[in-house]
Amino acid sequence: MNGQILYADFYNCNGTNAIMPFYENRRYLQIYTDDYLFDRLQKLYDNIAIFDWNGNFHFFVDNNQLGLAFLYTLFEFQIRKIDVSHIIIERINYYNSKIKYFDYDKIKLIDEKINGKNCLFRYTEKRFADYWTNGNIRFNISTSYNDYDKNIARRDDENTLIYENAFGAKIISEDNEHVTEIQKITSNSQPYYLACFSLELDPKLFVLFSTDACVVIENGMEYITQIKNYFHYIYPNSRIIFNEVEYIDETQSLNLGKEKKYIKRYVYQYQKEYRFILDFNDDKEYIDKYKEYHIKDIHTVSSCIFATS
């Protein structure tokens, strides 16, 4: 049945409440607002949701960092005596309204073809699939992802990473008399252009991105090399960089191991994002909402996967 919650054997043996004392000893989520935690729980449900290619889904709470983050968020609501059962109902209804169905035999053939290869996946709409397979690439300006009209999975806090009450950080005066909680820690940077891909072929991403197609780039490294060569030729003073996104739990750490352009909140880790970042030295280049390029030498796009309905 769609929407069933399953637990790792660890929890089946010990019960989830057996680990509640570990959370109560720290209770690191206590300092966050109800609204912040509602948003966190919603996105954690998206992370633990597992879909198959036949349109079925369930939730799986594993014995790992993600599973604990999910349970500890539930525990915090339990301590506050707030009923959050409506959130899972909302997510189930949302998933059911967005379910995609596929030609499973074709999926198996493509999966076998790309097995073991360094692929990139671009989730898009059918009407745009030819755009990508014909050697085009589009970079959106980073600030455009702040638009709250965007799909919940596409919206992000690019250029302004806000950590509300970040892990209880406080400024204490020398006389220990005045304590000020840091309400927000922000990290602002100059806008940049980015093109986003995923490292995984996952039916869940069709649902969360509200797309009905996925362009499969069979040789990711060759694709990157071709794009790098193109931009070094036409924009010799620009910088184009490629890397996996690092996901951090802002309630636990602000240790940013990578350049901030490759940092996203922990609750988006299901996206397994791989980014192309295009930086210009000339501020005049940052006036467009997006930039499009045709790179005729890109010939490594292998195929598209389409939802059938």
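Subtract the Cα-Cα distance of residue 62 and residue 36 from 0.36 nm times their separation in residues, and report this length gain in nm to one decimal. Provide the component values of the computation, followed by the final result.
Working: separation 26, 0.36 × 26 = 9.36 nm, distance 2.32 nm.
Gain on stretching residue 62 to residue 36: 7.0 nm.
Would you mind checking which residues have amide H under 5 Å from residue 295's amide H? H placed 1.01 Å from N; only 5 or more apart, or other chain.
Here 136, 137 satisfy the definition.
So, by mean Cβ neighbours within 10 angstrom, what's the order for 111-123, 68-80 with the highest one leading?
Numbers: 111-123: 15.7, 68-80: 18.5.
By packing density, highest mean first, the sequence is 68-80, 111-123.
What is the P(r) of segment 214-255, as percent of Cα-Cα pairs per 5 Å bin from 0?
5, 17, 16, 16, 14, 11, 13, 7, 1
Give 228/289; 228/291; 204/272; 43/272; 117/272; 117/261 a once-over and call out the pairs whose C-alpha atoms are over 19 Å from each other. Please report the intermediate quantities before stating the final value.
Working: 228/289 21 Å; 228/291 16 Å; 204/272 12 Å; 43/272 14 Å; 117/272 16 Å; 117/261 26 Å.
Violating the 19 Å limit, Cα to Cα: 228/289; 117/261.
Which residues' amide hydrogens lie under 5 Å from the amide hydrogen of residue 61, considering only partners 5 or more residues apart or on another chain, with H built in the peptide plane?
Answer set, sorted by chain and number: 6, 7, 8.
Rank-order 32-44, 85-97 by packing density, defined as the average count of other C-beta atoms within 10 Å over each peptide's residues, highest first. Write down the numbers at each step before the final one.
Details: 32-44: 17.1, 85-97: 13.6.
The packing order, highest mean first, is 32-44, 85-97.
Project the alpha carbons of segment 75-129 onto their principal axes and report the range along each, largest first, in whole Å.
For segment 75-129, the Cα extents along the three principal axes come out at 51, 27, 22 Å.
Bin width 10 Å, alpha-carbon pairs only: give the P(r) of segment 5-98 as whole percents, running from 0 to the bin holding the largest distance.
14, 47, 31, 7, 0
Can you give the extra length, in nm with one decimal, that the chain gains between residue 260 and residue 295 once fully stretched, where that is 0.36 nm per residue apart less the Cα-Cα distance?
Working: separation 35, 0.36 × 35 = 12.60 nm, distance 2.78 nm.
In short, 9.8 nm is gained.
Under a crude label model (7 Å from the Cα following the beta-carbon direction), how far is residue 244 from residue 52 in nanometres?
Here the modelled spin labels are 2.8 nm apart.
A short reminder: the numbers here are calculations on the coordinates, not readings from a lab. Just so we're clear, the structure is a prediction, and the values are computed from it rather than from any experiment. Methodologically, a virtual Cβ is constructed for each residue, glycine included, from the backbone with ideal geometry; neighbour enumeration extends over all protein chains shown.
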